[in-house]
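Read the figures in this text as sums done on the coordinates, not as results from a lab. What you see is a predicted model; the values in this text were computed from it and never measured. All Cβ positions, glycine included, derive from the backbone under ideal geometry; neighbour counts span all protein chains shown.
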Amino acid sequence: MTDVKRDPSVETEKREYTHAEQGSQSDDFDPKNKLHLAEGNTNAKLSNPLVGIPHDKLEEQALAFAHSYGLSEHADIIRKGALVAQDPLGFDSLPQLTPEEKAELQREQTHRWDQPKTLYYLVVLCSMAAAVQGMDETVINGANLFWPRQFGLFPDEPGRGRDQWLLGLVASAPYLCCAVLGCWLTDPMNRMFGRRGTIFITATLSWLTCFWQGVTNSWPHLFAARFVLGLGVGPKSSTVPVYAAECSPAPIRGALVMMWQMWTAFRLLCSGLNWRLMLGSAGVPALAIMAQVYFCPESPRWLMGKGRYLKAFESLCRLRKTKIMAARDFYYIHTLLVAEQELKPSGKWRIVELFTIPRNRRAALASFIVMFMQQFCGINVIAYYSSTIFSQAGLGDIQSILGSWGFGMLNFVFALPAVYTIDTFGRRFLLLTTFPAMSACLLITGMAFFIGNDHARTGVVAAGMYVFTIFYSPGEGPVPFTYSAEAFPLNIRDFGMSFATATCWFFNFVVAITFPRLLGAFTPQGAFGWYAAWNAIGWVLILLFVPETKALSLEELDQVFSVPTHTMLHTNFVKCHLHEDLGPRTYAPPGAGHA
């Protein structure tokens, strides 16, 4: 379905426009104007395909594009937007712009948080979805103290290995479903229903299954309810960060996308109810999402991918402060998508493209590492079993739940600085500076169980877990979903995000199902030492294989991931860079506002 009827005259115009566009790029484009393109980068022209095109040719292209896609009434503003997109910092020298338009673009550079209300409304929607996600994940924490006894399981008693495995199986059921089924529904659901439709459907599933959990009467029944919950958790976790990333301006994209993790952390604060109410309560905010999503605009990139250009432009006008900014981002996105499609191999399944095309493979590896480490850093051991851990450290049931509440509060509060730091210092820098401290905290927590005095042991265990959370929350907490949502090119973005979230949920399942048995077999000392070691390993993997992505448009990131692996390894290992030095750029620096 498109916004333009498929009549012969329109199709002829589109063919003529495409021919004119290709001709102007091939005849007038000067490669010498491309600055600092990665050596051997077959997709280098994606850094900014508009550079080097004479203004008169570029204006012709923009007007032809507007008329060809049913945007004639917006042709003049799209023409101006194309000129600004070619050189985002050179708008002052463009006589085609009015003084008001120049003032608007100047203000954008100095007031990056001055965004339209619709964009913040969309952020509220994504935050609500994250809160539901956090409830779906973490309400099992406090419930783990009560439901096993009611259903005849006693995992805390000696020789109850089977009960320990069953406790882990029920707790991890949604993540098993996410890994084997839920996440892989993301691509077909997004193609059929769009970002908004997928969010609505998954919120409905969360609403229904949460109430189902609250009325179960046996552990197999509870396992079934939590497994079906994964059908909502998987696609929602893959779609919401991508939706936020595709609708956000580049200078604040990281901050807006990381709201997902911050509000997931917020739900850890709400875990002190009767276990049936705990499990059923996540259905309430899901209703709010189902109502709210109708009023949000659809992702412009998704609409353009479906050929619905008029709707895409209208959506961008709602998501940008002024029409000139919307036109600039609109034409720039279109140009990069066209260039991306020209480079797209034909006749391959996307799962093959994900691992055989070097640019995609590097993005998949980096996303795999950050998602894997989010689980094996040990945070979800605390999120799901902190009540059990505090109980083993000598606290009663009520005190254990209060201790878990303190963990949830710290997780939320210390995620707040990432709103600023994730786009200021960068994703990679935050990870490399927090992982060593996280490793040390887990090691101290494990060793604290050797302390004989109950009060001293409890104090050190709580301090170790809390300080670990303080370092986790601004780094490995918000970065993985933000990073994965922006790493993949549009043609495989849904599938790439499915791969990333399936990785996350699979290892989430592994952690959740094994930790009760790990506590029994390794003792708390060995269990926490195990995850402390993984934090050290994660630091090395991030240093070598995870490049920086801050302040670049989703399309411009193609250049980052097209740097050959051996070049990246040499740079990172020999020079031990915490920040990536990408050199001069032809695209928008922080504040210039490319989409």
For peptides 110-123, 354-367, sequence by mean Cβ density within 10 Å, most packed first: 354-367, 110-123
Ranked packing of 507-517, 541-551, most packed first, by mean Cβ within 10 Å: 507-517, 541-551
Where labels lie 7 Å past Cα in the beta-carbon direction, separation of Trp165 and Thr571 in nm: 4.8 nm
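Using 1/(1 + (r/R0)^6) with R0 = 51 angstrom and r between the beta carbons of Leu287 and Ile470, what's the FRET efficiency to the nearest 0.05?
0.95
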Neighbour-count order for His55, His74, fewest beta carbons within 10 angstrom listed first: His55, His74
Filter on Lys57/Lys321; Lys80/Lys550; Lys117/Lys323; Lys80/Lys311; Lys117/Lys311; Lys57/Lys550 - keep pairs with C-alpha separation over 25 Å: Lys57/Lys321; Lys80/Lys550; Lys57/Lys550
Ala456-Ala536 pseudo-label distance in nm [points 7 Å out on the Cα-to-Cβ vector]: 2.6 nm
For segment 482-496, 3J(HN,Hα) per residue [Karplus equation, 6.51 cos²θ - 1.76 cosθ + 1.60, θ = phi - 60°, Hz, x = Gly/Pro]: 4, 5, 5, 5, 10, 7, 9, x, 4, 5, 10, 4, 5, 5, x
Inter-label distance, nm, simple model (7 Å from Cα along the C-beta direction), Arg191/Gln341: 1.6 nm
Alpha carbon centroid spacing (whole Å) that separates segment 181-213 from segment 413-451: 32 Å
